Amino acid sequence: MAQLYATTMSRQQIEARCGQLSQFAGVRLVTLEDGLERGIRLLEFRSGTGLRFTVLVDRAMDIAECEYRGHAIGWHSPAGFRHPGLHEYEGEGGLGWLRSFSGLMVTCGLDHILFMHDAPADNYVYKPRQKVQHSIHGRIGTIPARLTGYGERWDGNRCMLWAEGIVSQGTVFGEHLELHRRIEIEVGSNDIRLHDRVVNRGFYRTPHMFCYHLNVGYPVLDEGARYLAPVQDVVWAAHADEYRAQEVGYQRMPAPQMNFHEQVWQHEMKADDAGLVPVALVNDRLGIGVEVTTRKDQFPCQYQWQNLQAGQYALGLEPSTNHVLGEGAARERGELIWLEHGDERDYETSIRVLGATEEIAATERRIRAIAQQPSDDYPAPSGEYRPLRGRASQGGAA
């Protein structure tokens, strides 16, 4: 049964009230036709609750816009939703990625995340390629997907809106990885479900790193907005040597700042009994928030990104397969994931809009029941990067 407009209805009751479900819910394919966005295919989802979000088919099927009952959720950067044909992966010394960085969700990977890094390329058995030069956060986020399907699916009295696509990252004498992505949401809900499967289609032993850059903007992010998470330990802070210089801690957000330098944290999270880790940003004044739930065994690490600069105002929730130490340290510590031909990794994530004060309170109770996060806004980073276990690939040809 679907909960629509404060009424619980069966499929028959819904169909009796409209000629098509698209009157208030659905998914449709459109193409953007102006400026930097020209030529990008986009899927527009509406769940019937007032939640609308868009999926950029031609940018790894990442989530761009997101809004709920007139409140913006996702972040729009000055870069805009740039067509991938304009992207220069190796530009600006590896920072060219920032010119395509915008939206609620930007995928990082598939073989590299975090800052620029030159990795040994001996696994690709090609003498002219002595190293793989990685720019920030990898290549996948600006590769177009092959859209394999989208639409609505009824199961009794429940209706699911869905889309699926395959994003291929490959080269000669190098990696050949595929991202199989499915995005779905049930009509009458505010819970976006994301299922990703990364497969090595090539025949070289290939590294794999993966991260979601989930970026929340104004008005959810605003002065007084709170970061809620089952933090057991603050492991690292990029600005720890000048911890209080900008007078911004990890828990409560300020208004937009002038001349703000980004702050990044890594937190060690505790999972609930089901292995789930919920993290949220909430705005108590507006009674709205965003909760992201991941699996600890899939994303053992979590970052928090604060870009509170005026004109770029955003907070990032970042589940990751690896520590913030980067690819070089992952290799040295034996924590880099290696995929043989046909090996795969699965990731299941939910992004839920909290649309009422009661929902925020319930999420806060759930998180506090898992772990009490530090009350100090500037907890001393421990520097204790816990060993990442289970780095072996999940076998089986896909």
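The values are calculated or read from the model by the stated rules, or taken from the named source; none is laboratory data. This is a predicted model, so every value here is computed, not measured. Cβ placement follows ideal geometry from the backbone for every residue including glycine, while neighbour counts extend to all protein chains displayed.
Points to keep in mind about this one:
- Top-ranked residue of the stretch 252-262 - restricted to ones that are closer than 22 Å to ASP284 by Cβ and out of contact with any Lys or Arg (no Cβ under 7 Å at 6 or more places or on another chain), ranked as surrounded by the fewest Cβ atoms within 10 Å (Cβ to Cβ): ALA255
- Scanning the stretch 337-383 for residues that are closer than 17 Å to LEU228 by Cα, in a loop (DSSP other than H, G, I, E, B) and among the polar types (S, T, N, Q) yields a count of 3.
- Matching strands (runs of 3 or more DSSP E) fully within the stretch 213-315 where at least 1 residues are of a type in the set (Lys, Arg): 226-228, 288-295
- Of the set (1) at pLDDT 95 or above; (2) buried (at least 17 other Cβ atoms within 10 Å of the Cβ), all apply to HIS87 but (1).
- Taking the criterion of being out of contact with any helix residue (DSSP H, G or I) (no Cβ under 9 Å at 6 or more places or on another chain) and modelled with pLDDT of 95 or more, the residues of the stretch 96-110 that qualify are SER102, GLY103, LEU104, MET105.
- Residue that is surrounded by the most Cβ atoms within 10 Å (Cβ to Cβ) [pool: residues in the stretch 42-73 that are out of contact with any Ser or Thr (no Cβ under 9 Å at 6 or more places or on another chain), closer than 16 Å to GLY217 by Cα and in contact (Cβ under 8 Å) with a residue 40 or more places away in the chain]: ILE73
- Selection over the stretch 175-212 of residues that are of a type outside the set (A, V, I, L, M, F, W, C) and in a strand (DSSP E or B) gives a count of 17.
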